[in-house]
Every structure is written in C-alpha cells, then in structure tokens.
Amino acid sequence: MSLTASSDRLAARRAAVATALADIRALAAGTPDRAALDAIATRLQALASQRELFPREDFPPPADTASGASTRYWLNGDGNTGDGIALYLNSIRPGKTTIPHNHDTWAVIVAIEGQEFNRVYRRTDDRSNPAFASLELVREQTVEAGAPIAFLADDIHSIHVAGDTPTLHFHCYGRPLEALTGRYGVRLESGEVVNYNATQMQPSQVAA
C-alpha cells in the first residue's frame, strides 16, 4: 500500500494502532505471563511490518544532533496518564544509554528500524535497604527488526542505542510511563537506587 498523502497515512495509522491495541488488550487480560508477552510482541511485530505507516519524517529524532538525543511519541496518548495500555514510538539517536531500571508494569519492545542493545539484570541483594540494590548481569540482547524483547514488572534492564541509524522502536506498557510511580533505577557504580521517572525520564510527546 502506498500512502503519499499525510492525511491518508495518519488515518490509516490511527486505525492500525487502534486495532493492534484492541488485540493487545485481549492478550494482556488478567495478569500477563511471559507467554502472553511473547504473543503481544508478535502482534506488535505485525504492526511494525506496516512500515509505510510509520515513516521517519513523521517521527523524527530531536533536531538536537547530540549523541543520545531522543523523542518518545505517545501513539495513543492524550496528555493524561490514565491507567490503560500505552504504546509509544521511540526515535533515538545513537549513543543513548540508560541506567538499569524496572518498569513497574509489563513492557514489550519491538523494532521497526535501528538497534537497541539491552543488558538484563537480576537483583542479588536482600532488598532490606530501599536506597541500595546489587545487580548481576544475566544476559545481553540487541533489539532490532524481528528480534523483540519483553519484561515483567520487576525485570531490570538498561538500553544502549547502537549502530549508525536512529531507532524507531515500539515500546508498549501495561500502564503509561507517566503513571509508573514505582519505577526505579540503579546507579551501577554505587548501587544507589533512584526514582527513575523523576531523575531520568523526559516528557513524552503526544503523537498526531
């Protein structure tokens, strides 16, 4: 399908996103397990395959060309946090990194283009000190087209955008990022636990 008119593309994109989210809500009913997250990833990959609906010109990275500059487009957002499933499209310049963090809800990441290197950790401390965490690296994975990744609420990962191409990656969450007050990050060099949203997260941009 060729969509040259931006208004046609916008209407088709909104319809495709709405249909995908309806399917994802059904797949995520109850308390999703890893099998359910795999099914959600498969559905998001089908959406990602409609690349003509998500061209780079509609979702550019920031005009700031600094390494790691990023924009997060909220595809089904209206500026209110709400409490439903949220789908974002991240457009990130190579060089972006994050400290290890959880999500406080399930998360699925699927690529349209670009590479996002993930390090996945587990906690090895007894959690008796809320200001400290000890992490052990479990595995590493590059998220790219055809290679998604998924997390349960307490899973911990960091991202590192690699390659030469800005990312266009779907990030889908059980609740909007803006509502995730239990999200924390860990500074690896010290083990310090910080509020991730308050110290690390930039505001999302509601997509047209």
Might you let me know whether the range 44-58 holds any residue that is within 20 Å of Asn90 (Cα to Cα), free of Cβ contacts under 8 Å to residues at least 40 places away in the same chain, in a helix (DSSP H, G or I) and open to solvent by 20 Å² or more (accessible area, probe 1.4 Å)? yes
Pull up the range 195-208, narrow it to residues that are closer than 16 Å to His157 by Cβ and in contact (Cβ under 8 Å) with a residue 60 or more places away in the chain, then point me to the one that is least open to solvent (accessible area, probe 1.4 Å). Tyr196
State all residues of the range 156-172 that are buried (at least 19 other Cβ atoms within 10 Å of the Cβ) and not polar (S, T, N, Q); if no residue qualifies, say none. Ile156, His157, Ile159, Val161, Pro166, Leu168, His169, Phe170, His171, Cys172
Hey, Ile92 hits all of (1) among the aliphatic types (A, V, I, L, M); (2) buried (at least 20 other Cβ atoms within 10 Å of the Cβ); (3) at pLDDT 95 or above but one; which does it fall short on? (3)
Scan the range 173-186 and give yes if some residue there is open to solvent by 40 Å² or more (accessible area, probe 1.4 Å) and either without any contact (Cβ under 8 Å) to a residue 40 or more places away in the chain or β-branched (Val, Ile, Thr) (or both), otherwise no. yes
Select, from Gly68, Gly30, the only residue that is modelled with pLDDT under 95, out of contact with any Phe, Trp or Tyr (no Cβ under 8 Å at 6 or more places or on another chain) and open to solvent by 50 Å² or more (accessible area, probe 1.4 Å). Gly30
Determine whether Val193 is over 26 Å from Thr142 (Cβ atoms), over 16 Å from the mean Cα position of the chain (by Cα), modelled with pLDDT of 95 or more and β-branched (Val, Ile, Thr). yes
Here the residues within the range 113-151 that are open to solvent by 50 Å² or more (accessible area, probe 1.4 Å), more than 17 Å from Tyr196 (Cα to Cα) and either in contact (Cβ under 8 Å) with a residue 60 or more places away in the chain or of a type in the set (Asp, Glu) (or both) are Asp126, Glu136, Glu140, Glu144, Ala145, Gly146
With criteria (1) of a type outside the set (Phe, Trp, Tyr); (2) farther than 25 Å from Glu178 by Cβ; (3) touching a Ser or Thr at 6+ places or on another chain (Cβ under 8 Å), Ser128 comes up short on (3)
Would it be correct to say that Arg56 is over 17 Å from Ile109 (Cβ atoms), at pLDDT 95 or above and among the charged types (D, E, K, R)? no
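The values are calculated or read from the model by the stated rules, or taken from the named source; none is laboratory data. Computed from a prediction, not measured in an experiment: that's the story for all the values here. Every residue, glycine as well, gets a Cβ built from its backbone with ideal geometry; the counts of neighbours run over all protein chains shown. To get the accessible areas, we keep the full protein, side chains included, count just its heavy atoms, and leave off ligands, DNA and RNA. Shrake-Rupley method; radii C 1.70, N 1.55, O 1.52, S 1.80 Å.
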